[in-house]
Amino acid sequence: MDALYRVVKPKTKRAKRFLEKREPKLSENIKNAMLIKGGNASSTVTQVLRDVYALKKPYGVLYKKKNITRPFEDQASLEFFSKKSDCSLFMFGFHNKKRPNNLVIGRMYDYHVLDMIEVGIEKFVSLKDIKNSKCPEGTKPMLIFAGDDFDVTEDYRRLKSLLIDFFRGPTVSNVHLAGLEYVLHFTALNGKIYFRSYKLLLKKSGCRTPLIELEEMGPSLDLVLRRTHLASDDLYKLSLKMPKALKPKKKNVSHDTFGTTYGRIHMQKQDLSKLQTRKMKGLKKRPAERKAGASLVAQWLRVRLPMQGNRVCAPVREDPACRGAAGPISEMSTT
């Protein structure tokens, strides 16, 4: 066990790529699931694991050999297999007289067990028993949850989160309508969980939106909730923490010592001459001023002195008392 967790330096390029693939990343890889059979497993449990593996392909690992372990008493074996196969989800199936046809569904955080929920199989219909067409491997399913228990009870709320993690598949930005091929439906009613799988059929409807029909595909399970092993609130919150690099950056926002938030707004340069003001008769321009195009901007006029014939520049400005006529800013003296 210690040999698995020791730091190993790669000696070849292939080993280096293998270790880089397992290093922590900002955007983690797709969650893989391992399906393990216990020391004593019935034919029903074995077939359930095979059918779930068929739904999870290619993001699953099926262990065909029996593994004698008890997840609720000793979790070291599950953590060992999780580290070895790089899987963060697991399903463990076993059978005994006290708990017949038992399934344990769980997930890992940093290769340690985070949540575990035990369910019992009361009724099972396999993929082989339903003679219909199946979906291709690697298809992303649509998940539907029905029942108030999934939103009210804490155990059912965690079970819903666990099932979403287990069956959601890869994260995609866009979905094509033709890629929606099958539905996984979970119903919580009267203390039981009904798991059904349907294939989506898109038929012609005479308009742009197709007619949708559901055809049962399998597998079909009736489950009952048994034991639970839930993470503490602090650990669960830590597992949901998002890296700072992925959080959206808030620019031009500051806080003072009292916690008040201040924001800086950058605006384009405004032309105040086009600013709409209150329309008053006293502010309207006269017709003569509109024709002459009188301006408030200082102008330079060339003044020719009649005696000496020199040209000098005199700055003038518009006299507010007499619009249209320019008065000198300062008197000029000639020598």
### Query
Of all residues in the stretch 239-283, which are open to solvent by less than 100 Å² (accessible area, probe 1.4 Å), in contact (Cβ under 8 Å) with a residue 12 or more places away in the chain and out of contact with any His (no Cβ under 9 Å at 6 or more places or on another chain)?
239, 243, 245, 246
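Report, by residue number, each residue of the stretch 192-204 that is within 30 Å of residue 152 (Cβ to Cβ) and open to solvent by less than 40 Å² (accessible area, probe 1.4 Å).
From the stretch 192-204, those within 30 Å of residue 152 (Cβ to Cβ) are 192-198, 200; that's our starting set.
If the condition is that a residue be within 30 Å of residue 152 (Cβ to Cβ) and open to solvent by less than 40 Å² (accessible area, probe 1.4 Å), then 193, 195, 197, 200 are the ones that fit.
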### Query
Got at least one residue in the stretch 176-183 being in a strand (DSSP E or B), open to solvent by less than 50 Å² (accessible area, probe 1.4 Å) and in contact with a Phe, Trp or Tyr (Cβ under 6 Å, 6 or more places away or on another chain)?
yes
### Query
Could you say whether any residue in the stretch 63-86 is part of a strand (DSSP E or B) and hydrophobic (A, V, I, L, M, F, W, C)?
no
### Task
Go through (1) free of Cβ contacts under 8 Å to residues at least 24 places away in the same chain; (2) surrounded by 10 or more Cβ atoms within 10 Å (Cβ to Cβ); (3) among the charged types (D, E, K, R) one by one and return the number of the condition residue 233 breaks.
(2)
### Query
Looking only at residues in the stretch 80-108 that are modelled with pLDDT of 90 or more, among the charged types (D, E, K, R) and surrounded by fewer than 19 Cβ atoms within 10 Å (Cβ to Cβ), which one is nearest to residue 157 (Cα to Cα)?
99
### Task
May I ask you to list the residues in the stretch 205-230 that are open to solvent by 60 Å² or more (accessible area, probe 1.4 Å) and either assigned to a loop (DSSP other than H, G, I, E, B) or in contact with a helix residue (DSSP H, G or I) (Cβ under 7 Å, 6 or more places away or on another chain) (or both)?
206, 207, 208, 209
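From the list 118, 154, 122, exactly one residue is acidic (Asp, Glu) and either under 21 Å from residue 34 (Cβ atoms) or surrounded by 15 or more Cβ atoms within 10 Å (Cβ to Cβ) (or both). Which is it?
Working: 154 fails: either under 21 Å from residue 34 (Cβ atoms) or surrounded by 15 or more Cβ atoms within 10 Å (Cβ to Cβ) (or both); 122 fails: either under 21 Å from residue 34 (Cβ atoms) or surrounded by 15 or more Cβ atoms within 10 Å (Cβ to Cβ) (or both).
Checking each option against the conditions leaves just 118.
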### Task
Check the stretch 10-32 and report whether any residue there is modelled with pLDDT of 90 or more and under 30 Å from residue 181 (Cα atoms).
yes
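Are any residues in the stretch 39-62 part of a strand (DSSP E or B) and either farther than 30 Å from residue 135 by Cα or open to solvent by 40 Å² or more (accessible area, probe 1.4 Å) (or both), and if so, which ones?
If we filter the stretch 39-62 for residues that are part of a strand (DSSP E or B), which is where we start, we get 60-62.
If the condition is that a residue be part of a strand (DSSP E or B) and either farther than 30 Å from residue 135 by Cα or open to solvent by 40 Å² or more (accessible area, probe 1.4 Å) (or both), then 61, 62 are the ones that fit.
Within the stretch 115-133, can one find any residue that is under 24 Å from residue 86 (Cβ atoms), part of a loop (DSSP other than H, G, I, E, B), among the charged types (D, E, K, R) and without any contact (Cβ under 8 Å) to a residue 60 or more places away in the chain? Give the derivation first.
Our first condition is that a residue be under 24 Å from residue 86 (Cβ atoms); within the stretch 115-133, this holds for 115-117.
Checking which are part of a loop (DSSP other than H, G, I, E, B) leaves us with none.
No, because not a single residue in the stretch 115-133 is under 24 Å from residue 86 (Cβ atoms), part of a loop (DSSP other than H, G, I, E, B), among the charged types (D, E, K, R) and without any contact (Cβ under 8 Å) to a residue 60 or more places away in the chain.
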### Message
Please go through (1) open to solvent by 30 Å² or more (accessible area, probe 1.4 Å); (2) not in a loop (DSSP other than H, G, I, E, B) for residue 165 and return the number of the only condition it doesn't satisfy.
### Response
(1)
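The values are calculated or read from the model by the stated rules, or taken from the named source; none is laboratory data. Note that the coordinates shown come from a computational prediction; the quantities given were computed from them, not determined experimentally. Backbone-built Cβ (ideal geometry, glycine too); neighbour counts: all protein chains shown. Areas reflect the complete protein model, heavy atoms only, side chains present, ligands, DNA and RNA absent. Shrake-Rupley method; radii C 1.70, N 1.55, O 1.52, S 1.80 Å.
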